[in-house]
Structures are given as C-alpha cells and as structure tokens.
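The values are calculated or read from the model by the stated rules, or taken from the named source; none is laboratory data. From a predicted model like this one, the values you see are computed outputs, not experimental measurements. Note that we place each Cβ from the backbone using ideal geometry, even for glycine, and neighbour counts take in every protein chain shown.
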Amino acid sequence: MTKTEQSLPVAILVPGQFNDHAAGRIDRTLRQVKIERADPSLVTDDMRRTVRGIASFGGINAAFIDALPNLEIIANFGVGYDSVDTRHAAQRGIMVTNTPDVLTEEVADTAIGLLINTIRELPRAETWLRDGSWVREGNYPLSRLTLRGRAIGIFGMGRIGLAIARRLEAFALPIAYHNRRRVEGLSYDYHPTLKGLASAVDTLISVAPGGASTEKAVNAEILQALGPNGVFINIGRGSTVDEAALAATLANKTIAAAGLDVFADEPNVPQPLLDAPNMSLLPHVGSASEHTRRAMADLCVDNLVSWFSQGRALTPVPETEKVKARR
Ligand code: NAP
Ligand code: 8YV
C-alpha cells in the first residue's frame, strides 16, 4: 500500500459478499460502505450524497446506477461484465472497469481440465475407486470417448479462447473458431457463423461473453450440427446456451457429452442438467484459485485507486473507454 492510496477519503459502495482481499484493500486505501445487495431501495441519503465508486462481483443495473447521483466508476470484479449495464453507465458518464488478462491462464487451465473430465470421465472414475467399486466390481469401464482424433471449435477466440487454443495445439488437435470478426494473423480456420463452426468440428468450447448478442446462441440446431460424437464445453457464460435444449440433446444422444462451468441462473442448476447422462459439472470455478482471485482483486482495487488519484482507469471496458474523470 502506498501513501497515495492511504490518503483517498472516497466512499466505495460494496454490495453483498465480496472478495476478502479486495475488501481489505478498499478498507485500508479508500472508505468502504457496505450495502446488503445492489438494490436502489436500500440506498440511504448518506450513500446518495457520498458514494463515488462501486466495487462489485456484478449485477449493477440502471436503477441502481441512477440511485447514486455522484457515482463516477464501477469496478467489476471479473473480466465478464454482462451483468453491469455498461450502456447506461456510459450515457451517464460513468467509467466501468473489469479484470482482463490476470485470469486468462487460470481459466484456460480449467477449461482443459473440464474437457478431459468430460471426455475421459475422470470424476466418475475417482468415485468408482472411492466408493469401493474397484474392489467389488473390478476395473472402471473404458471411456466411450477420447480426445484422440477430435476437431476443436472455439466460440469466442479472445484472450481466454486463444490461451485454450495454445494448450490444445500441444494435444495435436486441429483448431477452428468463430467470432464476429476474424482475428488478424491467426492461422486457425475462421468460420463467420457459429453453425458453420459447429458443422466443421465435433468438440465445441464456448468462451464467449454473455449479453444480448450471444443469448442462447448455442441452441438445438448448433448442438445437432456437432453430431453424435459431439462434445460441448462451456466456460464462458451460461446465458449463451439454451440449457433445456442441451439437456434434451444429451438425453436423446444427439451429442455424446457436455461439460459446464457456468449456468444461466447461478447457483441454481436446472434438474434436467443434473440428471443428464454424460455431463460433467463445475460450480463456476474457472478463475477460482487463491493466486488468481488475489490478482483480480488487486486489479479491481487498482482501478479505483488510479481513478481517484490520477483520473484514469487501468482497464476500462470498451463501452466506457472515452469516459473522462470529473475534475
Ligand atoms: P475477450 O478477450 O473479450 O474475448 C471474447 C471473444 O468473444 C472475442 O474474441 C469476441 O470477438 C468474441 N465475441 C464476443 N461477442 C461475440 C458474439 N456475439 N459472437 C461471436 N463472438 C463473439 O474476453 P476473455 O477475456 O477471453 O473472456 C471471455 C469470457 O469468458 C468473459 O466475458 C466471461 O464471460 C468468461 N469467463 C468465465 C470465467 C469462468 O470462471 N468460467 C472466467 C473468466 C471469464 P468479436 O468481438 O470479434 O466477436
Ligand atoms: C469469476 C468470471 O468467477 O471473470 C469472470 O468473468 O466469470 C470469473 O472469473 C467472477 O467474475 C467472480 O465473480
């Protein structure tokens, strides 16, 4: 902590549960104001008058922004910021920041773990050992699926998508991708449509952001295009998937297996997904190591400190890049 950090008497609103390291730094370097949740009806007169920043896991809508007339910056803890109304923030001249890059490698590692768990059934094999089945019944059955001979498609070839692709190159698997725009200088096959990508591969990894442009983009048609040997992995956002269609395609063997780290209504996982055969599930742990969450916490708070001490954000989201500090 620097002297500059110590001398910032700025009220930062922190809704609900928050990261301990980030909350500790806000306490030491700024002035933390707690609120149970990001609900405009809980905003007090004192908050209306004094709050100039928010630090949050997300979930900041237009009504909450409007309840804080002196708000200047929303520091989102996480690279995905689909649950912050950035368009409204930009219209009001409010900066929004996120935490890119510092979590890229961790999330890519998790994606590879989830892919292998899904295809080679490693969590089930461990349960087989632990529950005594190995002793009682003999060897765990051979996995029906293998990574060998697969063709990988990445939906969302951004920072994390690229880190996943680099790892999969070492597995000697062909890689293709779909984004709205081709990535200049990247030699992987580009598909201008998600359907085109899904038809060309048998293993689709989604690491696209949430939001209106990707809402339920992975639907029955896309899953069907993967074919009966198809595997779908989602490490991006649950909202990009039609979860009912996914459960149905697994139940009727339209595709072979799926692995999910993210869900549309976390922490609630729909029963059909829990019941689906050949499904590997994780509770949104893509970036969840102490090391990486600490780096995310530091970047989240560094954005606030930089904004209030130097008038500039370190990692603004593109929608608010042009927002200027008010002084
Ligand atoms: P990024 O660098 O911005 O990459 C996102 C990619 O998605 C870009 O290449 C973008 O390309 C593409 N994209 C965006 N909208 C699209 C659309 N409508 N159709 C097709 N492609 C689209 O972001 P990142 O750092 O890699 O993070 C990606 C996402 O991962 C985050 O937004 C977050 O939701 C998720 N995430 C999850 C975890 C976890 O714990 N599971 C952790 C971190 C991040 P174009 O703009 O050219 O389309
Ligand atoms: C975190 C994430 O779980 O960065 C993201 O977009 O989804 C994850 O790293 C989340 O942001 C913490 O709430």
Next on the checklist: Within the stretch 57-79, does at least one residue satisfy the condition of being over 20 Å from THR240 (Cα atoms), free of Cβ contacts under 8 Å to residues at least 40 places away in the same chain and within 14 Å of ligand 2 (Cβ to nearest atom)?
Outcome noted: yes
Item to check | Hits in the stretch 29-76 (condition: surrounded by fewer than 19 Cβ atoms within 10 Å (Cβ to Cβ) and assigned to a strand (DSSP E or B)) | outcome: ARG31, GLN32, VAL33, LYS34, ILE35
Checklist entry - Here are some conditions: (1) in contact with a Phe, Trp or Tyr (Cβ under 9 Å, 6 or more places away or on another chain); (2) within 23 Å of GLN310 (Cα to Cα); (3) among the small types (Gly, Ala, Ser). ALA125 meets all but one. Which one does it not meet? => result (2)
Checklist entry - Taking the condition more than 9 Å from ligand 1 (Cβ to nearest atom) and either of a type in the set (S, T, N, Q) or out of contact with any strand residue (DSSP E or B) (no Cβ under 7 Å at 6 or more places or on another chain) (or both), does ALA89 pass? => result no
Checklist outcome for this item: If we keep only residues of the stretch 177-206 that are more than 9 Å from ligand 1 (Cβ to nearest atom) and among the β-branched types (Val, Ile, Thr), then the residue surrounded by the most Cβ atoms within 10 Å (Cβ to Cβ) is ILE205
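Sort through PHE263, PHE232 and tell me the only one that's under 15 Å from THR203 (Cα atoms), within 16 Å of ligand 1 (Cβ to nearest atom) and free of Cβ contacts under 8 Å to residues at least 60 places away in the same chain.
Going through PHE263, PHE232 in turn, just one is under 15 Å from THR203 (Cα atoms), within 16 Å of ligand 1 (Cβ to nearest atom) and free of Cβ contacts under 8 Å to residues at least 60 places away in the same chain: PHE232.
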Next on the checklist: Can you tell me which of (1) surrounded by fewer than 20 Cβ atoms within 10 Å (Cβ to Cβ); (2) in contact with a Gly (Cβ under 7 Å, 6 or more places away or on another chain); (3) under 23 Å from PRO123 (Cα atoms) is the one PRO209 doesn't meet?
Outcome noted: (3)
Item to check | Odd one out for ALA276 among (1) modelled with pLDDT of 95 or more; (2) farther than 21 Å from ALA89 by Cα | outcome: (1)
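Sort out which residues of the stretch 286-313 are under 17 Å from ARG52 (Cβ atoms) and not in a helix (DSSP H, G or I), and write them in order of number.
Once the filter is applied, which keeps residues that are under 17 Å from ARG52 (Cβ atoms) and not in a helix (DSSP H, G or I), the stretch 286-313 yields GLY311, ARG312, ALA313.
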Item to check | PHE171 within 21 Å of the chain's Cα centre (by Cα), on the phi < 0 side of the Ramachandran plot and either hydrophobic (A, V, I, L, M, F, W, C) or within 16 Å of ligand 2 (Cβ to nearest atom) (or both) | outcome: no
Checklist outcome for this item: Scanning the stretch 11-20 for residues that are of a type outside the set (A, V, I, L, M) and surrounded by 17 or more Cβ atoms within 10 Å (Cβ to Cβ), the one farthest from the chain's Cα centre (by Cα) turns out to be PRO15
Checklist entry - Within the stretch 270-285, restricting attention to residues that are under 16 Å from the mean Cα position of the chain (by Cα) and assigned to a loop (DSSP other than H, G, I, E, B), which residue is farthest from GLY78 (Cα to Cα)? => result LEU282
Checklist entry - Among ALA212, ALA247, which is farther than 21 Å from ILE119 by Cα and either within 15 Å of ligand 1 (Cβ to nearest atom) or touching a Leu at 6+ places or on another chain (Cβ under 6 Å) (or both)? => result ALA212
Next on the checklist: Of the conditions (1) more than 15 Å from SER306 (Cβ to Cβ); (2) in contact with a Ser or Thr (Cβ under 6 Å, 6 or more places away or on another chain), MET47 satisfies every one except a single condition; which number is it?
Outcome noted: (2)
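Condition first: among the hydrophobic types (A, V, I, L, M, F, W, C) and either assigned to a strand (DSSP E or B) or surrounded by fewer than 20 Cβ atoms within 10 Å (Cβ to Cβ) (or both). Now tell me which residues in the stretch 248-263 satisfy that.
Answer for the stretch 248-263, where residues must be among the hydrophobic types (A, V, I, L, M, F, W, C) and either assigned to a strand (DSSP E or B) or surrounded by fewer than 20 Cβ atoms within 10 Å (Cβ to Cβ) (or both): ALA248, ALA251, ALA257, ALA258, LEU260.
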Item to check | Flag for VAL218 being away from ligand 1 (no atom under 13 Å from the Cβ), surrounded by 15 or more Cβ atoms within 10 Å (Cβ to Cβ), touching a residue at least 40 places away in the same chain (Cβ under 8 Å) and of a type in the set (A, V, I, L, M, F, W, C) | outcome: no
Checklist entry - Within the set of pairs 6+ apart or on separate chains, which have a first residue in the stretch 144-155 that is of a type in the set (Phe, Trp, Tyr), a second that is assigned to a loop (DSSP other than H, G, I, E, B), and C-beta atoms under 8 Å apart? => result PHE155/VAL207; PHE155/ALA208; PHE155/ALA217; PHE155/GLY236
